[in-house]
Amino acid sequence: MGHSKGLKRDFDQLQQRRFRAARLFDRDFGKSEVARRLGVSAQSAGRWYAAWQAHGTTGLKKAGRAGRKPRLNSAQLHQLEQALHQGPQALGYDTPVWTAVRVADLIQRQTGVRYHPDHIYRLLQQLGWTCQRPVGRALERDEKAIRRWKRQRWPDIKKKRSAKVG
């Protein structure tokens, strides 16, 4: 019985379910009956029973957080977000564009923690930042000159359609 990707598990609720199992075991219910009543697999009920037999109810307590601990604490994440809001040029970068490499460099300079640029997007998502693609036009673009060129010069250099033979 797996969990859907992205589904947040309620660890307190899962612990309470294991404690309900312990109360049922205490009342001499079998593993299969406990599994049926709590809507879990027989294997889970068996694991819980073994833990309950070996360590009592304390053996059924939650293990703590799932997964690896974050490398940046909340204060460091706040510091990073403040720096991102200042903009890259205010922090000594040449252009006004944040890249994954620059954010990784900023994190290392501020906190000493190294991140591979390919993993920066997770931190940025956590902070509510999204990937932005630059528009493919120069800021210095002269729209009038472009329209004039398209109207006057382009027709002269554009390949002409050949006359059909036959």
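With respect to GLN79, is the statement that it is within 30 Å of ALA104 (Cβ to Cβ) and touching a Pro at 6+ places or on another chain (Cβ under 6 Å) true? No, not satisfied. Select from region 30-56 the residues that are under 18 Å from ASP12 (Cβ atoms) and assigned to a loop (DSSP other than H, G, I, E, B) and list them in ascending order. Residues satisfying the conditions are GLY39, VAL40.
Considering the conditions (1) over 18 Å from ALA83 (Cα atoms); (2) outside the structural domain of ALA104 (by TED's automatic domain parsing), HIS119 is excluded by exactly one of them, (2). Pairing residues of region 137-158 that are loosely packed, with under 10 Cβ neighbours inside 10 Å with residues that are not acidic (Asp, Glu), at Cβ distances under 8 Å and at least 6 apart in sequence or on separate chains, gives no pairs at all. Mind checking whether some residue in region 20-28 is under 30 Å from GLY128 (Cα atoms), in a helix (DSSP H, G or I) and in contact with a Leu (Cβ under 6 Å, 6 or more places away or on another chain)? Scanning region 20-28 turns up no residue that is under 30 Å from GLY128 (Cα atoms), in a helix (DSSP H, G or I) and in contact with a Leu (Cβ under 6 Å, 6 or more places away or on another chain).
Kindly check whether there is at least one residue in region 27-41 that is surrounded by fewer than 11 Cβ atoms within 10 Å (Cβ to Cβ), over 30 Å from ILE107 (Cα atoms), at pLDDT 90 or above and charged (D, E, K, R). Yes, region 27-41 has at least one match. Put simply, of TYR121, TYR115 the only residue that is in contact (Cβ under 8 Å) with a residue 12 or more places away in the chain, of a type in the set (Phe, Trp, Tyr) and surrounded by 17 or more Cβ atoms within 10 Å (Cβ to Cβ) is TYR115. I'm trying to understand the selection: among the residues of region 57-94, which are surrounded by 11 or more Cβ atoms within 10 Å (Cβ to Cβ), within 30 Å of ASP26 (Cα to Cα) and not charged (D, E, K, R)? Scanning region 57-94 gives THR57, GLY59, LEU60.
Considering ALA50, ALA45, ALA22, ALA104, the condition of being of a type in the set (A, V, I, L, M), surrounded by 11 or more Cβ atoms within 10 Å (Cβ to Cβ) and out of contact with any helix residue (DSSP H, G or I) (no Cβ under 6 Å at 6 or more places or on another chain) is satisfied by ALA50 alone.
The values are calculated or read from the model by the stated rules, or taken from the named source; none is laboratory data. These figures come from a predicted structure and were not determined experimentally. Reconstructed Cβ throughout: ideal geometry from the backbone, glycine too, with neighbour counts over all protein chains shown.
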